[in-house]
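Step one of this worksheet: look at the structure below.
The values are calculated or read from the model by the stated rules, or taken from the named source; none is laboratory data. Worth saying up front: this structure is predicted, and the values here are computed from it rather than measured. Here the Cβ positions follow ideal geometry from the backbone for every residue, glycine too, while neighbour counts run over all protein chains shown.
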């Protein structure tokens, strides 16, 4: 506040102290979606938020609103990929993005509304899997959607029946791109361990502990095969296992197959065999699978229109009681929970009850659906025996969904942490490269400046020497000329009449001058040659030092880069170990909850058996006593007192028998509890063994990667040393060549200076004969 007031006084521009908010292309900010859309109801609860049915207030168009709570701007980044993919895709079998808003720390993703709902919900509603014609249509349309995605460089990574939505016209819509990958290159591979375990491809499972074997678009092909099995059997393969155990099953077991293969065509089984190839190299692409006979014959989506119509039809339910007539109501304790899609009975009958008693405690639910397809009214009636373990199945299904949701949260956290670490490591690599380049450029610039200064100094020295030599040559010429002129005057006075002697004397003087000048020039040339040779030696020494420094820097940079890569690899594996331990804690927590739930279910069942036993024993006692008394009346030969004594003995015998039965039941319950506790302990031990194997595999993989990195560094160092020798030889050869060129230059320069070419002297002093002046 004080700074703002001070800036206003000085009329300084105000500073924007707020952090700049990142803008996204397809996300609207500062717009309240409630002003544009009306929430009609809740459609479901996803892993990261709720999904609502919404209607546009202006156009009346329907949409599915995915509302996600975000704690900060950084979390928003995790969902932008999904929005970008939906905005980029425009295909008949992929849901369309209608709009996206970020308001009040909530992200609203408005996608196309699919009134048919998800395929897995339809299967649960109809209590059956899809027929083969329906599976064919779903498979054909999924292949077209996947082919489009893969051509757009997108890997879905979470294919399953829950992410296949249906329209009323029978078209499917692929949804949920929350964990999808958007590649920048066609042949790009991924190493993220993400997706739903039951549908994961083996190569994706291996990425949990090994990142050196990434996967590509063919991971979607495996998930497609698993989804088709799910459509046929309601549940995916290994659904009875918890998520952490199924991962090992996928990695080590043979590819899953249909449970009842005789019910399905050979084409369907062959399609699954090709799609569920554990080797991704030989696994076909979606384009190749589209040519398979199983889907090539699909021409209409009528089977799916029938499926949607049947799921949306009105249902008439009728419950038939299977109990025998005349049976007393107190022998049956069944509680009917009304107003539920699936009726559940909380009876938990003991396995020791007879089949007859089990039949008495069951009911049959008949459902009749009537719907119209292509103008024809169709009626479908289904019968279902409601058993006591259905509630347990529902609870187990709910627990599994909860485990998968927790796993999805962990995967998101891992992905966020991995992305943060990758960004940090990339920044480290860039900083190191910049530092290396800066250091190399600094050294090169230093030696370039040194060499330039040496050459400049040498040039100045040579120019000064040549100038001094020129002055010296002029002075010597002037001195010789003065002396010769004086001698010539003296000689001229003495030898006025001797013309020939004068010419000879002049020639001698000229010859002396030429020799003197040539000697001086030759000395100057030799001095310059010595100076140039010394400068060349210094320059060569400077070049050698420069190259030696560069070589030392290269070696140092190789080592530093290796150490950085090694440290980054350790950081990556440290994060993986941390994430793995965190995941193991969650798995152990889930296993403890599962074991506790199984023990509670067993206790509840045993308690019900204990509470039912007195009623059963009373009924049996009445029946046995009535039969005994009847036999006494028929076969009685004694008095009434004897009969009463026999009845009394029989009553005591019945009490002992009932007590023995109660003791036997208690022993059986104790044995069941011991077995259950033993099974729970075995589950914990098996989980710990699996977790130890994963940790050992991760450590082993880290050791191998570090070893490979050391071997790679040693090979690079060896290659660098092998290349260093020829580089040194090439440098020395180049320096020797420059020395030879310099020697040849000065030899040629010296040989050109000879008495036979006096005109060369004109470069220094022009010669003039004083007699002609």
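Quick grid of which residues meet (1) over 23 Å from the mean Cα position of the chain (by Cα); (2) free of Cβ contacts under 8 Å to residues at least 60 places away in the same chain:
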residue: 231; (1), (2): yes, no
residue: 241; (1), (2): yes, yes
residue: 245; (1), (2): no, no
residue: 257; (1), (2): yes, yes
residue: 269; (1), (2): yes, yes
residue: 272; (1), (2): yes, yes
residue: 276; (1), (2): no, yes
residue: 280; (1), (2): no, no
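Is it the case that region 104-116 has a residue that's over 25 Å from residue 167 (Cα atoms) and surrounded by 16 or more Cβ atoms within 10 Å (Cβ to Cβ)?
Step one: filter region 104-116 for residues over 25 Å from residue 167 (Cα atoms), giving 104-107.
The next check asks that each one be surrounded by 16 or more Cβ atoms within 10 Å (Cβ to Cβ); those that pass are 107.
Yes; the residues of region 104-116 include at least one that is over 25 Å from residue 167 (Cα atoms) and surrounded by 16 or more Cβ atoms within 10 Å (Cβ to Cβ).
One residue alone among 128, 157, 151, 140 is closer than 21 Å to residue 281 by Cα and in contact (Cβ under 8 Å) with a residue 12 or more places away in the chain, and that residue is 157.
Suppose we keep only residues that are surrounded by fewer than 17 Cβ atoms within 10 Å (Cβ to Cβ) and not in a strand (DSSP E or B) within region 27-50. Which one would you say is nearest to the chain's Cα centre (by Cα)?
From region 27-50, those surrounded by fewer than 17 Cβ atoms within 10 Å (Cβ to Cβ) are 28-32, 34-35, 38-42, 44-46, 50; that's our starting set.
Those still in the list that are not in a strand (DSSP E or B) too: 30-32, 34-35, 46.
Values: 30: 32, 31: 33, 32: 33, 34: 35, 35: 37, 46: 21 Å.
Selected residue: 46.
Filtered by the rule that a residue be farther than 26 Å from residue 689 by Cα and surrounded by fewer than 21 Cβ atoms within 10 Å (Cβ to Cβ), region 199-231 gives a lone residue, 216.
Got at least one residue in region 261-284 being closer than 19 Å to residue 162 by Cα and in contact with a helix residue (DSSP H, G or I) (Cβ under 6 Å, 6 or more places away or on another chain)? Show your work before the answer.
Keep residues of region 261-284 that are closer than 19 Å to residue 162 by Cα, which gives none.
Among the residues of region 261-284, not one is closer than 19 Å to residue 162 by Cα and in contact with a helix residue (DSSP H, G or I) (Cβ under 6 Å, 6 or more places away or on another chain), which makes the answer no.
Take the conditions over 28 Å from residue 414 (Cα atoms), out of contact with any strand residue (DSSP E or B) (no Cβ under 8 Å at 6 or more places or on another chain) and in contact (Cβ under 8 Å) with a residue 24 or more places away in the chain and apply them to residue 602. Does it pass? Give the derivation first.
Working: over 28 Å from residue 414 (Cα atoms): yes; out of contact with any strand residue (DSSP E or B) (no Cβ under 8 Å at 6 or more places or on another chain): yes; in contact (Cβ under 8 Å) with a residue 24 or more places away in the chain: yes.
In short, yes.
The residues of region 181-201 that are farther than 17 Å from residue 286 by Cβ, at pLDDT 85 or above and in a loop (DSSP other than H, G, I, E, B) amount to a single one, 200. Before we move on, is residue 178 touching a helix residue (DSSP H, G or I) at 6+ places or on another chain (Cβ under 9 Å), assigned to a loop (DSSP other than H, G, I, E, B) and either crowded, with 20+ Cβ neighbours inside 10 Å or not assigned by TED's automatic domain parsing to the domain that holds residue 288 (or both)? Here the answer is yes, as residue 178 does meet what is asked.
If we scan region 529-539, do we find a residue that is farther than 30 Å from residue 704 by Cβ, more than 60 Å from the chain's Cα centre (by Cα) and exposed (fewer than 14 other Cβ atoms within 10 Å of the Cβ)?
Yes, there is a match, as at least one residue in region 529-539 is farther than 30 Å from residue 704 by Cβ, more than 60 Å from the chain's Cα centre (by Cα) and exposed (fewer than 14 other Cβ atoms within 10 Å of the Cβ).
Would you confirm whether any residue within region 426-442 is assigned to a helix (DSSP H, G or I), farther than 30 Å from residue 572 by Cα and at pLDDT below 85? Checking region 426-442: not a single residue is assigned to a helix (DSSP H, G or I), farther than 30 Å from residue 572 by Cα and at pLDDT below 85. Of the residues making up region 676-683, at least one is in contact (Cβ under 8 Å) with a residue 12 or more places away in the chain, part of a helix (DSSP H, G or I) and closer than 30 Å to residue 573 by Cα.
Among the helices (runs of 4 or more DSSP H) lying completely within region 51-160, list those that include at least 3 residues that are at pLDDT below 90 and not assigned by TED's automatic domain parsing to the domain that holds residue 262.
Numbers: elements: 73-88, 119-126, 132-151.
Fully inside region 51-160 and qualifying: 73-88.
Restricting 566, 525 to residues that are surrounded by 15 or more Cβ atoms within 10 Å (Cβ to Cβ) and closer than 30 Å to residue 741 by Cα narrows the list to 525. In region 202-226, the residues that are on the phi > 0 side of the Ramachandran plot and in a strand (DSSP E or B) form no Cβ pair under 7 Å with any partner that is modelled with pLDDT of 90 or more and surrounded by fewer than 22 Cβ atoms within 10 Å (Cβ to Cβ), whether six or more places apart or across chains.
Of 579, 494, 484, which residue is modelled with pLDDT under 85 and under 30 Å from residue 245 (Cα atoms)? Selected residue: 579, the only one of 579, 494, 484 that is modelled with pLDDT under 85 and under 30 Å from residue 245 (Cα atoms). State whether one or more residues within region 282-296 are assigned by TED's automatic domain parsing to the domain that holds residue 380, modelled with pLDDT of 50 or more and buried (at least 16 other Cβ atoms within 10 Å of the Cβ). There is no residue in region 282-296 that is assigned by TED's automatic domain parsing to the domain that holds residue 380, modelled with pLDDT of 50 or more and buried (at least 16 other Cβ atoms within 10 Å of the Cβ). Output the residue which, of all residues in region 74-98 that are more than 23 Å from residue 146 (Cα to Cα) and in contact with a strand residue (DSSP E or B) (Cβ under 9 Å, 6 or more places away or on another chain), is surrounded by the fewest Cβ atoms within 10 Å (Cβ to Cβ). Selected residue: 75.
The sole residue among 733, 769 that is outside the structural domain of residue 576 (by TED's automatic domain parsing) and either at pLDDT below 90 or touching a strand residue (DSSP E or B) at 6+ places or on another chain (Cβ under 7 Å) (or both) is 769.
State whether one or more residues within region 309-330 are part of a helix (DSSP H, G or I), modelled with pLDDT under 70 and touching a helix residue (DSSP H, G or I) at 6+ places or on another chain (Cβ under 8 Å).
Keep residues of region 309-330 that are part of a helix (DSSP H, G or I), which gives 309-312, 329-330.
So of that shortlist, the ones also modelled with pLDDT under 70 come out as 329-330.
Still in the list and also touching a helix residue (DSSP H, G or I) at 6+ places or on another chain (Cβ under 8 Å): 330.
Scanning region 309-330 turns up at least one residue that is part of a helix (DSSP H, G or I), modelled with pLDDT under 70 and touching a helix residue (DSSP H, G or I) at 6+ places or on another chain (Cβ under 8 Å).
So that you can scan it fast, the table gives a plain yes or no per residue for (1) more than 24 Å from residue 245 (Cα to Cα); (2) touching a residue at least 24 places away in the same chain (Cβ under 8 Å); (3) part of a helix (DSSP H, G or I):
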| residue | (1), (2), (3) |
| --- | --- |
| 593 | no, yes, yes |
| 612 | yes, yes, yes |
| 617 | yes, yes, yes |
| 628 | yes, no, yes |
| 653 | yes, no, yes |
| 660 | yes, no, yes |
| 670 | yes, no, yes |
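Being out of contact with any helix residue (DSSP H, G or I) (no Cβ under 7 Å at 6 or more places or on another chain), closer than 27 Å to residue 667 by Cα and in contact (Cβ under 8 Å) with a residue 24 or more places away in the chain is a property that residue 608 has.
Looking only at region 651-681, count every residue that is surrounded by 11 or more Cβ atoms within 10 Å (Cβ to Cβ) and more than 26 Å from residue 621 (Cβ to Cβ) and tell me the total. So that I can check it myself, show each step before the final result.
Applying the first criterion (surrounded by 11 or more Cβ atoms within 10 Å (Cβ to Cβ)) to region 651-681 yields 651, 653-655, 657-659, 661-662, 664-666, 668-670, 672-673, 675-677, 679-681.
If we keep only those that are more than 26 Å from residue 621 (Cβ to Cβ) as well, we get 673, 675-677, 679-681.
Residues that pass the stated criteria total 7.
Got a sec? Which of 66, 71 is within 24 Å of the chain's Cα centre (by Cα), surrounded by 21 or more Cβ atoms within 10 Å (Cβ to Cβ) and either over 15 Å from residue 31 (Cβ atoms) or without any contact (Cβ under 8 Å) to a residue 40 or more places away in the chain (or both)? Show your work before the answer.
Working: 71 fails: surrounded by 21 or more Cβ atoms within 10 Å (Cβ to Cβ).
66 is the lone residue from the list that is within 24 Å of the chain's Cα centre (by Cα), surrounded by 21 or more Cβ atoms within 10 Å (Cβ to Cβ) and either over 15 Å from residue 31 (Cβ atoms) or without any contact (Cβ under 8 Å) to a residue 40 or more places away in the chain (or both).
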